[in-house]
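Below is one structure, written out as structure tokens; comments come after it.
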Amino acid sequence: MAFMSSTPTNLPSFSSSSKTHFPINTFLSLKPQSRLLFVPVRATENGSGAAIVVDEKKDFETKEDPIGNGAPVAGVVEEVVVFEDPKWVSGTWDLKQFQKDGATDWDAVIDAEVKRRKWLEDNPESSNNDFPVVFDTSIIPWWAWMKRFHLPEAERLNGRAAMVGFFMAYFVDSLTGIGLVDQMGNFFCKTLLFVAVAGVLFIRKNEDIDTLKKLIDETTFYDKQWQATWQDEKK
Amino acid sequence: MAAITHPLHSLTLTFKTPNPRFTPLPKLTISATSSSNRHISGRKLTAAIIGGGPAGSSAAEALASGGIETYLFERSPSGAKPCGGAIPLCMLEEFSIPPDLIDRKVTHMKIISPSNLTVDFGKTLKPHEYISMLRREVLDSYLRSRAESKGVMLVKALVTNLDVPFQPNQPYIVNYTVNNRMEYLPVDVVVGADGANSRVAKAIGAGDYACAIAFQERIKLPDDKMEYYENLAEMYVGNDVSPDLYAWVFPKCDHVAVGTWTMCSKQYIKQYQHGVRSRVYPKIAGGKVIKVEAHPIPEHPRPVRVRGRVALVGDAAGYVAKCTGEGIYFAAKSGRMCGEAIVKASEGGHRMIDESDLKREYLKQWDLQYKTTFRFLDLLQHVFYGNNAAREALVELCGDEYVQRMTFESYLYKKLAKGNSWEDFKMVSNTIGSLIRCKLVGKQMEAFDPNVLAKVARLHKIS
């Protein structure tokens with residue numbers, strides 16, 4: 001099956017999830033966080049660093065109020081949680097800690113990164129200049145991704161295609177008497193084959209049909225807006 | 001009511017007519033010809049530009065240089081528009097902007113993903129390349145005074161209405177208030193450069209467009225923190241700072257502007273601003289908020305951009321690029337193109353023009369030159385700004401030097417950068433690879449068991 005098999009279904013959800021997916025709980029958690037004391041949880045930074053941060057935060061807070069944020073200045077200093085993990089070292093995953101049987105356990109790295117990103121999505125953290133994040137997904141080799149995600153999906157899709165193909169070939173043969181080899185020479189049968197393959201590739205869940213329709217509308221929408229001024233002429 | 005009397009203006013009405021609708025002006029020679037535009041005898045073509053920003057001033061300059069009698073209406077010449085204030089290199093050349101207007105030259109950019117992956121976007125900039133940051137009031141007043149020096153008549157007034165004529169050979173009437181007096185001016189051509197809430201657009205029934213709202217706070221930082229932003233701008237992406245666009249920290253003359261913008265969740269803009277502030281917090285702690293501003297930004301062109309002898313330019317027409325939200329250059333360029341189109345069609349002000357002239361010389365040229373740019377940026381916005389996974393992929397890709405070079409060259413020179421096909425192919429396959437990988441991580445995140453995450457939280461909380 002094509003290597004691109006996972007791409008088409010990925011594209012539709014790019015835009016469909018954006019509009020409705022505003023996590024209200026993120027908003028709620030944002031407000032109290034803004035008044036929390038930012039305690040860097042590192043072994044290297046300690047009390048002195050924290051003290052400075054307190055003053056600055058208070059300074060900032062009092063200026064905020066006239067603008068009308070409506071947030072009362074917190075008298076109590078709470079603590080904010082920062083992502084920390086023994087395997088997350090200076091902005092990247094320490095691959096030496098992911099060894100299994102002498103080789104890096106990439107599945108565990110992927111799982112750890114998923115956990116970290118999920119954590120950050122729910123608890124956004126400010127970027128740190130001292131320990132900038134440098135881990136990106138290209139560090140994990142392509143075959144690790146393929147083995148874990150592409151191959152099971154490809155197996156499923158190939159299975160579907162085989163089942164549909166077998167029964168369609170049998171059905172057409174029983175109706176028309178044309179054998180499998182002769183069917184391949186017929187233009188209509190070749191079209192059916194193309195439709196079947198495309199269907200298996202693009203429509204993997206029931207929702208995909210709607211998603212594809214929306215995608216087509218969206219891609220042509222901007223163009224329609226530019227053309228609108230010329231439609232006037234045609235009227 | 002009194003009309004402006006100008007020595008060259010032969011059409012003068014000196015008292016208020018009881019009928020608010022104007023009467024046909026006797027001095028206009030109407031020689032109906034089937035195809036060519038009629039020759040105006042005894043006077044030059046008159047044009048009114050509503051709005052004195054970059055679009056209006058550029059249009060006015062082009063018109064006056066071409067010999068058209070031009071009036072530029074601006075209601076508050078000293079106003080400071082809320083704006084990012086960044087202009088590309090090509091604008092400095094094309095519009096001859098003196099270098100002493102530039103407050104800051106941004107040579108580094110940082111893009112930060114939702115998971116705080118930071119890339120340095122600017123490794124490929126040559127020493128003479130930078131993004132210029134200006135104050136809008138400085139730029140606007142310079143462009144206006146230059147237009148004035150070319151012969152444009154500046155009118156400091158608020159335009160209240162534009163009367164569209166019933167018959168095709170009658171002038172447009174610009175109704176305006178100056179010094180608490182209602183006045184009016186009849187003109188042949190109107191250029192609407194009055195921004196997102198354009199009155200000219202309303203008057204001609206140009207239709208509505210969707211707007212994003214941009215919200216920005218100007219923060220004065222202590223000197224050591226300001227040093228970090230000496231010539232660095234930052235861009236933040238993530239659902240916590242903007243669900244469909246981005247948030248920024250731009251350095252200005254002596255402070256930074258921290259802001260965000262969104263199209264689909266306008267009611268939550270304050271929360272997103274909170275989100276940016278938290279994300280930038282250590283770098284702006286100790287700063288003082290000196291100004292808060294917000295402004296609508298059009299998302300796409302208006303359904304009608306030219307009607308009769310009225311053309312819309314700049315924000316009024318909706319010429320704001322998607323993905324980046326860049327508008328100043330396109331406003332100035334469209335103003336100039338429109339002005340030049342009118343000069344050409346009227347042969348230096350000697351002939352009357354009509355709608356088809358405007359469409360042929362201005363709209364068609366503009367669409368031809370910039371539609372692909374706008375379409376491409378729209379595609380980028382769709383692909384990369386949809387959700388956190390796509391944004392992670394975007395930041396990953398921006399780490400690549402070829403991508404950086406192509407992006408900056410296209411932005412700074414507004415021309416499709418010359419790349420080589422092998423690198424292009426590598427870039428495309430990297431794009432697909434990054435998108436696939438980040439999407440997979442995203443899908444895993446969605447399927448993630450929240451109970452496991454809660455256990456993680458308990459483990460790390462400091463009591």
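The values are calculated or read from the model by the stated rules, or taken from the named source; none is laboratory data. Fair warning: this is a prediction, and the values are worked out from it, not measured in the lab. Glycine also receives a Cβ, built like all others from the backbone with ideal geometry; neighbour counts cover every protein chain displayed. These accessible areas exclude ligands, DNA and RNA; they are computed on the full protein's heavy atoms, side chains included. Shrake-Rupley method; radii C 1.70, N 1.55, O 1.52, S 1.80 Å.
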- For region A:105-127, what are the residues that are free of Cβ contacts under 8 Å to residues at least 12 places away in the same chain and either assigned to a loop (DSSP other than H, G, I, E, B) or out of contact with any helix residue (DSSP H, G or I) (no Cβ under 9 Å at 6 or more places or on another chain) (or both)? A:D105, A:S127
- Quickly run through region B:260-301 and pick out the residues that are open to solvent by less than 10 Å² (accessible area, probe 1.4 Å), at the interface with chain A (Cβ under 9 Å from one of its Cβ atoms) and in contact with a Leu (Cβ under 8 Å, 6 or more places away or on another chain). B:G275, B:I284, B:G287
- Query: Taking interchain pairs and intrachain pairs at least six residues apart, which have beta carbon atoms under 6 angstrom, with the first residue in region B:350-365 and in contact (Cβ under 8 Å) with a residue 24 or more places away in the chain and the second surrounded by fewer than 16 Cβ atoms within 10 Å (Cβ to Cβ)?
  - Reply: B:R351/B:H39; B:M352/B:R38; B:E355/B:G308
- Item | Residues of region B:84-109 that turn out to be in contact (Cβ under 8 Å) with a residue 60 or more places away in the chain and within 18 Å of B:S58 (Cα to Cα), as a count | 9
- Message: Can you say whether B:K202 is under 30 Å from B:A390 (Cβ atoms), among the basic types (K, R) and either surrounded by fewer than 23 Cβ atoms within 10 Å (Cβ to Cβ) or free of Cβ contacts under 8 Å to residues at least 24 places away in the same chain (or both), as far as the supplied structure shows?
- Response: no
- Of the conditions (1) over 30 Å from B:Y281 (Cβ atoms); (2) at pLDDT below 90; (3) surrounded by 14 or more Cβ atoms within 10 Å (Cβ to Cβ), the single one that B:G85 does not satisfy is (1)
- Residue that is farthest from A:I139 (Cα to Cα) [pool: residues in region A:111-127 that are more than 7 Å from every other protein chain (Cβ to nearest Cβ) and not acidic (D, E)]: A:N123
- Item | Residue in region B:399-406 that is of a type in the set (V, I, T), crowded, with 16+ Cβ neighbours inside 10 Å and more than 14 Å from chain A (Cβ to nearest Cβ) present | no
- For region B:140-152, pairs from a residue that is within 12 Å of B:A193 (Cβ to Cβ) and in contact (Cβ under 8 Å) with a residue 40 or more places away in the chain to a residue that is of a type outside the set (D, E, K, R) and surrounded by fewer than 18 Cβ atoms within 10 Å (Cβ to Cβ), with Cβ under 7 Å and 6 or more apart or across chains, are B:R144/B:P77
- Message: Yes or no: region B:58-72 includes at least one residue that is touching a Phe, Trp or Tyr at 6+ places or on another chain (Cβ under 6 Å), of a type outside the set (V, I, T), at pLDDT 90 or above and not in a helix (DSSP H, G or I).
- Response: no
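Let's see how each residue does on (1) within 14 Å of another protein chain (Cβ to nearest Cβ); (2) hydrophobic (A, V, I, L, M, F, W, C):
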site: A:Q97; (1), (2): no, no
site: A:A103; (1), (2): no, yes
site: A:W106; (1), (2): yes, yes
site: A:P132; (1), (2): yes, no
site: A:W145; (1), (2): yes, yes
site: A:R148; (1), (2): yes, no
site: A:M168; (1), (2): no, yes
site: A:I178; (1), (2): no, yes
site: A:G185; (1), (2): no, no
- Item | Selection from region B:302-326 of residues that are buried (at least 23 other Cβ atoms within 10 Å of the Cβ), free of Cβ contacts under 8 Å to residues at least 60 places away in the same chain and more than 10 Å from chain A (Cβ to nearest Cβ) | B:Y319, B:V320
- Query: Taking strands (runs of 3 or more DSSP E) that do not extend beyond region B:180-257, which have at least 3 residues that are closer than 30 Å to B:I112 by Cα?
  - Reply: B:211-220, B:232-238, B:242-251
- Residue tally, condition more than 19 Å from B:F374 (Cα to Cα) and part of a helix (DSSP H, G or I), over region A:183-230: 26
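Residue-by-condition table, conditions (1) farther than 22 Å from B:R437 by Cβ; (2) at pLDDT below 85; (3) open to solvent by 60 Å² or more (accessible area, probe 1.4 Å):
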| position | (1), (2), (3) |
| --- | --- |
| A:V73 | yes, yes, yes |
| A:V81 | yes, yes, no |
| A:D85 | no, yes, no |
| A:W93 | no, no, no |
- Task: Scan region A:124-152 residue by residue and report those that are over 14 Å from B:L440 (Cα atoms) and aliphatic (A, V, I, L, M).
- Result: A:V133, A:V134, A:I139
- Message: Could you check region B:176-194 and list, in sequence order, the residues that are in contact with a strand residue (DSSP E or B) (Cβ under 9 Å, 6 or more places away or on another chain) and open to solvent by 20 Å² or more (accessible area, probe 1.4 Å)?
- Response: B:T177, B:V178, B:M182, B:D194
- Query: Does any residue of region B:370-383 turn out to be within 14 Å of another protein chain (Cβ to nearest Cβ), in contact (Cβ under 8 Å) with a residue 24 or more places away in the chain and aromatic (F, W, Y)?
  - Reply: yes
- Query: Which residues, taken from region A:181-191, are surrounded by fewer than 15 Cβ atoms within 10 Å (Cβ to Cβ) and either of a type in the set (S, T, Y) or closer than 22 Å to A:N158 by Cβ (or both)?
  - Reply: A:V181, A:M184, A:K190, A:T191
- Enumeration of residues in region A:142-180 that are surrounded by 11 or more Cβ atoms within 10 Å (Cβ to Cβ) and not in a helix (DSSP H, G or I): A:I178, A:G179
- Note on the structure: Here the residues within region B:435-449 that are part of a helix (DSSP H, G or I) and within 7 Å of chain A (Cβ to nearest Cβ) are B:L435, B:I436, B:R437, B:C438, B:K439, B:L440, B:V441, B:Q444, B:M445
- Pairing a residue in region B:242-256 that is over 21 Å from B:G287 (Cβ atoms) and open to solvent by 10 Å² or more (accessible area, probe 1.4 Å) with any residue that is assigned to a strand (DSSP E or B) and among the hydroxyl-bearing types (S, T, Y), where Cβ atoms lie under 8 Å and the two sit 6 or more apart in sequence or on different chains, gives B:D244/B:T262
- Pick from region B:407-442, criterion touching a residue at least 40 places away in the same chain (Cβ under 8 Å) and closer than 25 Å to A:W145 by Cα, ranking: surrounded by the most Cβ atoms within 10 Å (Cβ to Cβ): B:C438
- Residues that are open to solvent by less than 20 Å² (accessible area, probe 1.4 Å) and of a type in the set (S, T, N, Q), drawn from region B:94-127: B:S113, B:S115, B:N116
